[in-house]
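Enquirer: First the structure, which I've put down as structure tokens, then a few questions once you've had a look.
The values are calculated or read from the model by the stated rules, or taken from the named source; none is laboratory data. Quick caveat, the model's predicted, so the values are computed rather than measured. Cβ sites come from the backbone with ideal geometry, for glycine too, and all protein chains shown count toward neighbours. Accessible surface areas use protein heavy atoms only, side chains included; no ligands, DNA or RNA. Shrake-Rupley method; radii C 1.70, N 1.55, O 1.52, S 1.80 Å.
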Amino acid sequence: MSIASSKPVVPASDCQDCDAASEQQQLAKAHLDLQATRRGQVDLETDRETLAHYLRGHSQWIQHCFRPLQVEALSADSYRLEFFRIGGLGFELEPCFGVKIWPDENDVFRLTSIELPGDAAMPYRVDCRAAFRLEELRGSPEHPPTTRVHWDLHLDIWLALPGFLQVLPHKLVCRVANQVVQQVTRSMSDRLTHNVCSDFYRSIERPGHPYRLVAVD
């Protein structure tokens, strides 16, 4: 047999490695792992305890301060949040997840996601962690006390992709999904900050009083 007509023999171990690598690539295309982080500081003209008392009464403010999300109370400290329709590249979801607001400790309020019935069947997972830390700034006899709220939000999202998205370039799908998540996180955190600050001032009969946004990133 001539050299020209012969075919190279591929060792079985190499074939198995190729199959394993191909399977890993397909699995990688089947889902996305996304992250979003947002943090900032805002000043409110009030003492720390007055603001803490307001935040402890979350059953009074969470319903309307999270708008346009729909909020359903599950217990005295947990809620179900349902988002509006979001998506891209022809794929849309109306995601929802549960959150729990923990009792404050050392002027820090924490919110974490909790599992809801039926979560295992959903094509996504959301791990949400947020914190509000209250710092009363030194005032003067001529000026009312000011409390600075240091807040941060972190989201870890796992998303299963439908078949038609798995055939698209993975970098494109990742880029579009990340843009959507970042945009929604930025919009919702900014809206929540505004709603909570405005509602707090209404609760102490100072409607329309301005708050001062110190920093956001």
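Enquirer: Return the pairs, sorted by first residue and then second, in which the second residue is among the charged types (D, E, K, R), the first residue lies in region 188-217 and is assigned to a helix (DSSP H, G or I), the beta carbons are less than 6 Å apart, and the residues are 6+ apart or on different chains.
Expert: Taking only residues 6 or more apart or on different chains, the pairs are Ser189/Arg38.
Enquirer: Next up: In contact (Cβ under 8 Å) with a residue 60 or more places away in the chain, among the charged types (D, E, K, R) and open to solvent by less than 50 Å² (accessible area, probe 1.4 Å), is that true of Arg38?
Expert: For Arg38, the condition - in contact (Cβ under 8 Å) with a residue 60 or more places away in the chain, among the charged types (D, E, K, R) and open to solvent by less than 50 Å² (accessible area, probe 1.4 Å) - is met.
Enquirer: Separate question: Which members of region 118-140 meet the condition of being buried (at least 16 other Cβ atoms within 10 Å of the Cβ) and under 16 Å from the mean Cα position of the chain (by Cα)?
Expert: Selection gives Tyr124, Arg125, Val126, Cys128, Ala130, Ala131, Phe132.
Enquirer: Can you name the residue in region 91-111 that is closer than 24 Å to Arg39 by Cα and open to solvent by 40 Å² or more (accessible area, probe 1.4 Å) and is also farthest from the chain's Cα centre (by Cα) among such residues?
Expert: Among those that are closer than 24 Å to Arg39 by Cα and open to solvent by 40 Å² or more (accessible area, probe 1.4 Å), it is Asn106.
Enquirer: Restricting to region 146-187, give me the number of residues that are among the β-branched types (Val, Ile, Thr), open to solvent by less than 60 Å² (accessible area, probe 1.4 Å) and either within 13 Å of Phe91 (Cα to Cα) or outside any strand (DSSP E or B) (or both).
Expert: Residues in region 146-187 being among the β-branched types (Val, Ile, Thr), open to solvent by less than 60 Å² (accessible area, probe 1.4 Å) and either within 13 Å of Phe91 (Cα to Cα) or outside any strand (DSSP E or B) (or both): 6 in total.
Enquirer: Select from region 61-90 the residues that are surrounded by 13 or more Cβ atoms within 10 Å (Cβ to Cβ) and in a helix (DSSP H, G or I) and list them in ascending order.
Expert: Trp61, Ile62, Gln63, Cys65
Enquirer: Let me ask another. Being closer than 18 Å to Leu69 by Cβ and assigned to a loop (DSSP other than H, G, I, E, B) is the requirement here; does Leu116 meet it?
Expert: yes
Enquirer: Is it fair to say His143 is more than 17 Å from Asp33 (Cβ to Cβ), without any contact (Cβ under 8 Å) to a residue 60 or more places away in the chain and open to solvent by 50 Å² or more (accessible area, probe 1.4 Å)?
Expert: Yes: the conditions hold for His143.
Enquirer: Do we find that Pro123 is out of contact with any strand residue (DSSP E or B) (no Cβ under 8 Å at 6 or more places or on another chain) and at pLDDT below 95 in this structure?
Expert: The answer is no for Pro123.
Enquirer: Could I ask something else about it? Given (1) open to solvent by 50 Å² or more (accessible area, probe 1.4 Å); (2) at pLDDT 95 or above; (3) not polar (S, T, N, Q), identify the lone condition not met by Glu115.
Expert: The number of the failed condition is (2).
Enquirer: Right, another one. May I ask you to list the residues in region 73-99 that are over 30 Å from Val176 (Cα atoms) and charged (D, E, K, R)?
Expert: Residue satisfying the conditions is Asp77 alone.
Enquirer: Tell me, please, whether a residue that is under 26 Å from the mean Cα position of the chain (by Cα), aromatic (Phe, Trp, Tyr) and more than 20 Å from Leu51 (Cα to Cα) can be found in region 145-161.
Expert: Taking every residue of region 145-161 in turn, at least one turns out to be under 26 Å from the mean Cα position of the chain (by Cα), aromatic (Phe, Trp, Tyr) and more than 20 Å from Leu51 (Cα to Cα).
Enquirer: For region 47-69, give me each residue that is hydrophobic (A, V, I, L, M, F, W, C) and under 18 Å from the mean Cα position of the chain (by Cα).
Expert: If the condition is that a residue be hydrophobic (A, V, I, L, M, F, W, C) and under 18 Å from the mean Cα position of the chain (by Cα), then Ile62, Cys65, Phe66, Leu69 are the ones that fit.
Enquirer: Still on this model: Has region 203-213 got at least one residue that is among the polar types (S, T, N, Q), closer than 15 Å to Leu51 by Cα and open to solvent by 60 Å² or more (accessible area, probe 1.4 Å)?
Expert: Yes, that holds for at least one residue.
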